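Okay, so here's the structure we're looking at.
The values are calculated or read from the model by the stated rules, or taken from the named source; none is laboratory data. Quick caveat: nothing in here was measured; it's all calculated off a predicted structure. Positions of Cβ are backbone-derived with ideal geometry, glycine not excepted, and every protein chain shown enters the neighbour counts. For accessibility, only protein heavy atoms count, side chains too; no ligands or nucleic acids. Shrake-Rupley method; radii C 1.70, N 1.55, O 1.52, S 1.80 Å.
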Amino acid sequence: MNDMVPPPLFTAAQYKSATKPIWCPGCGDFTVLNAVTKALALVQRPPHEVAVVSGIGCSSRIPAYTSCYGFHGVHGRSLAAATGLKVARPDLTVLVASGDGDGYSIGGNHFLHACRRNVDLTYIVMDNHVYGMTKGQPSPTTEPDWDSKLSPGGTGVRSFHPLVIALASGANFVARAFSGDQTGTAEIIAAGIRHPGFSFIEILSPCVTFRPEQREWKNLVHEAAVPATDDPARAARRIMTDDGFNVGILYAGERAPYRAPTGRAPCGVGDLEKEFAL
Ligand SMILES: Cc1ncc(C[n+]2csc(CCOP(=O)(O)OP(=O)(O)O)c2C)c(N)n1
Ligand code: SF4
């Protein structure tokens, strides 16, 4: 009997493109990129069967750094593009990458409805509590008392709570990860890809340029003490009462993912052009 396990076909390096990231040295997004390619190697989908979709922001540059199909769209609209793609091409694995500005501010409405629709996407948000690309404006997750040149004395506005909002809106998988733990983040992303329906993964990913104090996050994060639950009420209590640094899969539900209705007459591009002709 031959009990040799064949080696995996795809290594993490094969999911990387030749384009070198231009993030600031020390930015958390470097390790998120590594975690994404590691996760893809864990699930062993060939790069041409994976699409990475994003909006605009430092974090949203990720598609260009992978060898998969990529779509770097407009600010806040990654989930709309990804939803259309997944419904039209259910055979693809679709990953969506965003930042807290892109995903929770201008894209906030799309976030709610993507959770509600439960299309089989894996949505990773690199949350650094700031708009990095546009030089440090407060985002929806910025602490109300964060004092900066652009928000003297702080905004005084309560922070958005992405995980509990995702859960309440119907996301089928809710997790928190920390970019400093590359292996743990890769495992959570791989679990999100494997889980049917809309998987939401919030990744704490420090912006060392505009929020250098976030380097301290590595001392604050800790592994979730209890395993994931499929009970939304229990998950809500956990998420609402944790300290924001509880890392792991917090909810894994069993809601059936959205499937496009079958039986419709096929509609080609020519038919669509006729329908919308002026
Ligand atoms: C419609 C539109 N509005 C505003 C902008 C400017 N803009 C580009 S990136 C960005 C914020 C990005 O912040 P975030 O999503 O948190 O990503 P980060 O750069 O921190 O990774 C803004 C406001 C834009 N490109 N398009
Ligand atoms: S500005 Fe912040 S988020 Fe953007 S690359 Fe630099 S450290 Fe990363």
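Calculate one ³J(HN,Hα) per residue across region 254-259 by plugging θ = phi - 60° into the Karplus curve 6.51 cos²θ - 1.76 cosθ + 1.60, and present them in order as whole Hz with x for glycine and proline.
Result, ordered by residue: 10, 5, 5, x, 5, 10 Hz.
Classify region 161-214 from the C-alpha gyration tensor, please: rounded if a/c falls under 1.5, else prolate or oblate depending on whether a/b exceeds b/c.
Oblate is the answer for region 161-214, as a/c is 1.5 or above yet b/c matches or exceeds a/b.
Can you give the direction-averaged projected area of the convex hull of the alpha-carbon atoms in region 214-278, in nm²?
That works out to 9.8 nm².
Once both labels are modelled 7 Å past Cα along the beta-carbon direction, what's the Ile106-Glu254 spacing in nm?
4.1 nm
Within the accessible area of the chain, what % is carbon and sulfur when the probe is 1.4 Å and the other protein chains stay in place?
For the chain, the apolar C and S fraction of the accessible surface comes to 60 percent.
Cα-based Rg of region 86-164 per 2.2 N^0.38 Å, rounded to two decimals?
Rg over 2.2 N^0.38 Å, computed on Cα atoms: 1.28.
Once you've got the Cα coordinates, tell me which of Lys86/Lys149; Lys86/Lys135; Lys20/Lys218 are over 30 Å apart.
Listed pairs above 30 Å: Lys86/Lys149; Lys86/Lys135.
HN-Hα J couplings of region 210-222 from phi, Karplus 6.51/-1.76/1.60, θ = phi - 60°, integer Hz, Gly and Pro as x?
9, 9, x, 5, 6, 4, 5, 3, 4, 8, 9, 5, 8
Roughly what % antiparallel, to the nearest 5, for the DSSP beta bridges in the chain?
Approximately 20 percent, going by the DSSP bridge assignments.
What nm value, rounded to one decimal, do you get for the distance between Ser148 and Lys274 when each label is placed 7 Å out toward the C-beta?
5.3 nm
How large is the Kirkwood hydrodynamic radius of the chain, in angstrom, based on all distinct alpha carbon pairs?
That comes to 19.3 Å for the chain.
Just the accessible area per residue of region 83-205, please: how many Å² with a 1.4 Å probe?
36 Å²
If you find the alpha carbon centre of region 1-50 and of region 120-137, how far apart are they in angstrom?
Using only Cα atoms, the two centres lie 21 Å from each other.
Enumerate the calculated ³J(HN,Hα) couplings along region 157-163 in order (Karplus 6.51 cos²θ - 1.76 cosθ + 1.60, θ = phi - 60°), each rounded to whole Hz, writing x wherever the residue is Gly or Pro.
Once rounded to whole Hz, the list reads 9, 3, 6, 6, 10, x, 5.
Do the sum for the chain: with -39,500 (n - 2.57) for every DSSP H run of n ≥ 4, divided by all residues, what is the mean residue ellipticity at 222 nm, to the nearest 500 deg cm²/dmol?
Roughly -8500 deg cm²/dmol at 222 nm, from the helical runs in the chain.
With a Förster radius of 30 Å, plug the Cβ-Cβ distance of Met4 and Glu223 into 1/(1 + (r/R0)^6) and report the FRET value to the nearest 0.05.
0.35
Could you give the radius of gyration (one decimal) and Dmax (whole number) of the Cα atoms in region 3-75, in Å?
13.3, 50
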